[in-house]
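A short worksheet on the structure shown next.
The values are calculated or read from the model by the stated rules, or taken from the named source; none is laboratory data. Please read these numbers as outputs of a predicted model, since none were measured by experiment. Heads up, the Cβs are rebuilt from the backbone with ideal geometry, glycines too, and the neighbour counts pull from every protein chain shown.
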Amino acid sequence: MGVGENQSTIITDSSQPLIGLDAIRIVLVATTHPGNIGASARAMKTMGLSELILVAPQNYPGVEATARASGADDILYRARVVDTLDQALQDCVLVVGTSARPRGLSCPELEPRRAAQVLLATASQAPVALVFGRESSGLSNDELDRCHYTVQIPANPRFSSLNLAAAVQILSYELRQQALVGQPALPPLKTALPAPAEQVENFYQHLQTVLLQTGFLDPDNPRHLMRRLRNVFNRAQPSQSEINILRGVLSSVQRPQLRTSVVDSTSKDDFIRKD
Ligand code: SAH
């Protein structure tokens, strides 16, 4: 069923600020052309978004950015400039990355309307981010590893790379349309919110350290192991207390307190038929 066909949706008064849009961070990573930053700010403002975060932008601030913002310079003045993507994602419980092309082993892909639904449904409870890549090469694999989902605007498969600000415009439009029809019929989030991005990232670093220590992860032949494990945990969206439990498990592997009375239930004897 299309979004507009949902009988139970409420059409909101579009002259009012739309709930949820201001909790969605638009994150631009390593933008090269300041004009694209200004044009992205304009694209956001036309759709009612306001939170812009710039990760290591080049030649910014500058007159070209302000000129291309064309009246959306308030978004630029309020934009936060940070050094790393992790800083931009601090406190975010949901991160959606954008890509002009399908990306092999990365996280699950959503089509734009569905991505807007998922982002808005979560934004009413905690900060979420929509992340855009650099003009020359998009988001790196490491950056996509920080994302729960990716979204690709379905364009001409033989020429699918939009201008950065055009991509910001289209996805901001989808977010606005979604905000206008009210909350989608998505299953409610689990009672506990997913843990913030930096805590999940610390868990992945801890997991990697332990797997290197135990020898399960071979640094000379990592073969996407960490990326596959990230996908598993990103699907589960563990809460803060679940992350604490997982960290505790890892610490117990690093500092085992062996209980000799416990029988190893996976010992090979269990698999040998004794009759
Ligand atoms: N040459 C790059 C394209 C970069 S375009 C590449 O092959 O990945 C700059 C950014 O605009 C992208 O990182 C993405 O954030 C956004 N973008 C461009 N086209 C897009 C599309 N079809 N769908 C989603 N995002 C897109």
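Would you mind finding the one in 158, 235, 223 that is loosely packed, with under 14 Cβ neighbours inside 10 Å and not assigned by TED's automatic domain parsing to the domain that holds residue 248?
When all the criteria are applied, what remains is 158.
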Residue 51 meets each of (1) of a type in the set (D, E, K, R); (2) under 16 Å from residue 81 (Cα atoms); (3) at pLDDT below 70 with one exception, condition (3)
Scanning the stretch 223-264 for residues that are part of a loop (DSSP other than H, G, I, E, B) and within 14 Å of residue 203 (Cβ to Cβ), the one nearest to the chain's Cα centre (by Cα) turns out to be 237
Filtering the stretch 83-112 down to residues that are surrounded by fewer than 17 Cβ atoms within 10 Å (Cβ to Cβ), modelled with pLDDT of 95 or more and not in a loop (DSSP other than H, G, I, E, B) yields 86, 87
Note on the stretch 134-152: residues part of a loop (DSSP other than H, G, I, E, B), in contact with a helix residue (DSSP H, G or I) (Cβ under 7 Å, 6 or more places away or on another chain) and under 26 Å from residue 59 (Cβ atoms) are 135, 146
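Looking at 127, 102, which one is touching an Asp or Glu at 6+ places or on another chain (Cβ under 8 Å) and within 18 Å of residue 48 (Cα to Cα)?
The unique qualifying residue is 127.
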Sole miss for residue 150 among (1) within 13 Å of the chain's Cα centre (by Cα); (2) surrounded by fewer than 20 Cβ atoms within 10 Å (Cβ to Cβ); (3) within 13 Å of the ligand (Cβ to nearest atom) is condition (2)
